[in-house]
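The values are calculated or read from the model by the stated rules, or taken from the named source; none is laboratory data. All values reported here derive from a predicted model rather than from experimental measurement. In this analysis, Cβ positions are derived from the backbone assuming ideal geometry, glycine residues included, and neighbour counts consider all displayed protein chains. Surface accessibility is based on the protein's heavy atoms, side chains included, excluding ligands, DNA and RNA. Shrake-Rupley method; radii C 1.70, N 1.55, O 1.52, S 1.80 Å.
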Amino acid sequence: MTRTILLTGASGVVGKALLPRLLRSGDRVVALVHRTPVTHPGVTSIRGDVAAPRLGLSERDHAALARQVDVVVHAAAVTDFNRSDGSLEATNIAGTSNMVALAEAAGALLYHVSTAFVGVGSTVGRGEQAAGYAASKAQGEDVVRRATVPHVILRPSVVIGDSETGEMAAFQGLHQVVQGLFAGLVPIIPFDAAWPIDFVPVDVVADCIATVVEKRVTEGELWLAAGDRALRLDDAMDVAVEWAHRCGVEVDTPRFVTPDLWDRLIAPVFLDELPDFVARSVTRMLEFFTTYLQDGQTKPSSLRELEALGAMPLPDQTESLAASLHHWADVKGHHLCEATRSAA
Ligand SMILES: NC(=O)c1ccc[n+]([C@@H]2O[C@H](COP(=O)([O-])OP(=O)(O)OC[C@H]3O[C@@H](n4cnc5c(N)ncnc54)[C@H](OP(=O)(O)O)[C@@H]3O)[C@@H](O)[C@H]2O)c1
């Protein structure tokens, strides 16, 4: 029987890849649209705000929506770490609560998109901004765990572009780091070179979520993370440095130093000598790394389990990263230099 899936966040990085993938199962998809319009053949959209009571709908419209919906896929969130205006809490906690209320009114299965970085806290004065985002996502998960309808929590790792084309709805923190590298702003990385940097291509994330929805999984907490297949930080950096060289940008491979050495000896001198805006960029990149490296821990991963359920296998991480960088470089006008093109 055809089901009706209500998808939130359809215009976002995850949602944009997920929407067409959900449609492949033959289910009807209704997109809850906030600010950015969603136009896709066969998709109905309804304007709403997850942060508002009843999603900003009248009592009548909310009840009518609940009558239609069999499945809720909740991918909307505020993902901007820098918000301090209450919107992280309003959207990621209260908003999740409002989506749970809709799922309960509908008697619908609920799939909640969280993050694999749900447990991060700030360390040694870095990563504080990300900690606020992570806390809001952790509390969002608590709300889902209290739901009276069957529910599944899905935790993607850092999302990169499509594994083949590198495309995605918006560039992410990882791209900013690469931008910094291309600009010569990443001479030193204050982390262990062997630490894993966990990321997953957006097509894999979308396929995993859609598979779980298609197979009607009704419980569990699934990690959409590379886990033991994550690249080492230095290997990922080598891929980025190679891309810079292919684009004719001369950059040196960053030097890895311990966080302690950085904090005590290098940062005070190095940051002080940089112009303000450059120092801010460097600090922002460190925030990104601190959040996502999490003291070298390997993330749990449910990808093999999901592959057994029919989801696509995780492609080679180096190739996926290269595809993302290729796409980013193209969009930013860093085209392959003549020598690289003729060698290819
Ligand atoms: N991107 C990643 O690397 C990553 C990694 C791990 C987990 N995740 C999780 O995956 C989910 C999707 O993230 P994303 O990267 O796709 O986010 P995104 O690109 O920032 O998009 C956020 C989406 O949420 C919608 N939204 C925001 N506020 C809303 C509101 N008040 N009411 C209704 N919709 C609202 C946005 O619509 P408008 O633009 O119209 O406001 C947009 O469609 C989130 O739960 C996020 O925590 C993402």
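Quick notes on this one:
- Ligands, DNA and RNA excluded, the heavy atoms of Ser84 present near 120 Å² of accessible surface to a 1.4 Å solvent probe.
- In the context of the full protein assembly, Glu59 retains an accessible surface of approximately 130 Å², using a probe radius of 1.4 Å and ignoring ligands and nucleic acids.
- Helix 95-106 axis versus longest C-alpha principal axis of the chain: approximately 30°, rounded to the nearest ten.
- Region 1-133 - percent of accessible surface contributed by carbon and sulfur, probe 1.4 Å: 50 percent
- Protein heavy-atom accessible surface, 1.4 Å probe, per residue over region 4-156: 41 Å².
- Computed extension gain for Val269 through Asn82, at 0.36 nm per residue and net of the alpha carbon distance, reaches 64.7 nm.
- Of every Cα-Cα pair in the chain, the percent that sits beyond 35 Å: 25 percent
- Using Cβ point charges alone (K and R +1, D and E -1), the dipole size of the chain about the Cα centre works out to roughly 1200 debye.
- The angle separating the long axis of helix 202-214 from the principal Cα axis of greatest extent in the chain is about 20 degrees.
- Using the Cβ-Cβ distance between Glu59 and Met1 with R0 set to 35 Å, the FRET efficiency works out to roughly 0.80.
- Cα-based helix-to-principal-axis angle, 233-246 vs the chain, degrees rounded to 10: 70 degrees
- Sequence-distant contacts, meaning Cα pairs under 8 Å at least 6 residues apart, place the relative contact order of the chain at 18 percent.
- Mean residue ellipticity, 222 nm, helices only, the chain: the sum of -39500 (n - 2.57) across DSSP H runs of n ≥ 4, divided by residue count and rounded to 500, is -12500 deg cm²/dmol.
- Residue among Ala279, Leu102, Trp243 farthest towards the positive dipole end of the chain, charges placed on Cβ: Leu102
- Positive-end residue, the chain charge dipole about Cα centroid, Cβ charges, pick of Ala194, Val14, Val178: Val14
- Peptides 181-187, 303-309 ordered by average Cβ neighbours within 10 Å, highest first: 181-187, 303-309
- The count of lysine pairs in the chain whose Cα atoms are under 24 Å apart, excluding pairs fewer than 8 places apart on the same chain, comes to 4.
- Cα centre as origin, Lys/Arg/Asp/Glu Cβ charges: region 198-344 dipole, Debye: 200 debye
- Distance (nanometres) between label positions extended 7 Å along Cα→Cβ at Arg284 and Glu307: 3.6 nm
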